[in-house]
Amino acid sequence: MNNSAANTGRVLWAGLRALLVLTAVTGVLYPLAVTGAAQAAFPDEANGSEIEDASGRVVGSALIGQRYDLPPEEGEEAPAPDLRWFQPRPSNGLGANSVNTRYAIVLSGATNRSGDNADLIRWIAEAKATVVRDNSVPGHPVGPSDVPADAVTSSGSGLDPHVSPEYAALQVHRVAARNHLPVATVDRLVADHTEGRVLGFVGEPRVNVLKLNTALKDLVAGG
């Protein structure tokens, strides 16, 4: 019996020592090493890819898209876009939390509708008509064939921070008119914020809308 108790004690002590060692290694040392390496090699990415305006205030993350809407009117189903700013992709994939209603949580995801779905076809047609209407300015009409796909479709997450250079360029005349800026100035702003393919061949050229609008805000404030 004494031997049995002693063996049990040894096993428990060995298990406790293993628990303490693994906790120290995987719960303390490893996270500290990974965090330290990330802060040393990729400090911007490790801190959430934050974007600051000219005053140094953090306005968001380069990894998460934002909407630019006017304050909602009373009884309005959805707020209207603030056309002073470059608009992101639609966010039809975003949903509201329907399980735990105590907190207002935005859920990201795709629309999960097939290409021949009637609702999806209607959404795209309505979105295209809105893009044409909002971006047509005197002397520069926009036609339905000018509207790129990303202007009327949401990304898989609904939180894509980028638009195509074509969609950004389509908005230049409207943004210039709304902010009383020369078209050439806004066009150059888009060109300066157009990112090429990663390593020259991965992905597609893109424009980060938050970075672009932050630069536009600084430009308008400085002008």
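Take Gly109 and decide whether it is touching a strand residue (DSSP E or B) at 6+ places or on another chain (Cβ under 9 Å), assigned to a loop (DSSP other than H, G, I, E, B) and at pLDDT below 85.
Yes; evaluated as a whole, the condition is true for this residue.
Do any helices (runs of 4 or more DSSP H) lying entirely in the stretch 139-223 carry at least 2 residues that are under 27 Å from Trp123 (Cβ atoms) and within 22 Å of the chain's Cα centre (by Cα), and which ones are they?
Details: elements: 165-170, 172-179, 183-192, 209-222.
Answer list for the stretch 139-223: 165-170, 172-179, 209-222.
Sort out which residues of the stretch 120-138 are of a type in the set (S, T, N, Q) and part of a helix (DSSP H, G or I), and write them in order of number.
Scanning the stretch 120-138 gives Thr130, Asn135.
Give Arg84, Arg57, Arg89, Arg67 a once-over and let me know the one that is of a type in the set (Lys, Arg), at pLDDT 85 or above, in the same structural domain as Lys128 (by TED's automatic domain parsing) and touching a strand residue (DSSP E or B) at 6+ places or on another chain (Cβ under 7 Å).
After ruling out the rest, the residue left standing is Arg89.
How do the pairs read when you match residues in the stretch 200-223 that are of a type in the set (Asp, Glu) with residues anywhere that are not in a helix (DSSP H, G or I), using Cβ under 8 Å and keeping only pairs 6 or more apart or on different chains?
Within 8 Å, the pairs are Glu204/Ser164; Glu204/Arg197; Asp218/Asp53; Asp218/Ala54.
Criterion first (of a type outside the set (A, V, I, L, M) and touching a Gly at 6+ places or on another chain (Cβ under 9 Å)) does Ser154 satisfy it?
Answer is yes for this residue.
Being of a type in the set (Gly, Ala, Ser) and either buried (at least 16 other Cβ atoms within 10 Å of the Cβ) or over 17 Å from Asp218 (Cα atoms) (or both) is the filter here; which residues of the stretch 185-206 pass it?
Selection gives Gly196, Gly200, Gly203.
Considering only the stretch 15-54, how many residues are outside any helix (DSSP H, G or I) and among the charged types (D, E, K, R)?
Number satisfying all stated conditions: 3.
Considering each residue of the stretch 171-184, count those that are surrounded by 13 or more Cβ atoms within 10 Å (Cβ to Cβ) and free of Cβ contacts under 8 Å to residues at least 24 places away in the same chain, and give that number.
Residues flagged as surrounded by 13 or more Cβ atoms within 10 Å (Cβ to Cβ) and free of Cβ contacts under 8 Å to residues at least 24 places away in the same chain within the stretch 171-184 amount to 3.
For Leu12, indicate whether it is assigned to a helix (DSSP H, G or I), under 48 Å from the mean Cα position of the chain (by Cα), modelled with pLDDT of 85 or more and not assigned by TED's automatic domain parsing to the domain that holds Gly65.
no
Being modelled with pLDDT of 95 or more, among the hydrophobic types (A, V, I, L, M, F, W, C) and surrounded by fewer than 20 Cβ atoms within 10 Å (Cβ to Cβ) is the filter here, so list the residues in the stretch 143-169 that pass it.
Ala169
From Asn112, Asn117, Asn135, which residue is surrounded by 10 or more Cβ atoms within 10 Å (Cβ to Cβ) and under 25 Å from the mean Cα position of the chain (by Cα)?
Result of the check over Asn112, Asn117, Asn135: Asn135.
Could you tell me whether Ser114 is under 25 Å from Ser61 (Cα atoms) and in a loop (DSSP other than H, G, I, E, B)?
no
Report whether or not Gly56 is out of contact with any Asp or Glu (no Cβ under 6 Å at 6 or more places or on another chain) and closer than 27 Å to Val209 by Cβ.
Against the criterion (out of contact with any Asp or Glu (no Cβ under 6 Å at 6 or more places or on another chain) and closer than 27 Å to Val209 by Cβ), Gly56 qualifies.
The values are calculated or read from the model by the stated rules, or taken from the named source; none is laboratory data. Predicted model, so just to flag it, every value in this text is computed and none were measured. Because the Cβ atoms are built from the backbone with ideal geometry, glycine has one as well, and the counts that use them run over all protein chains shown.
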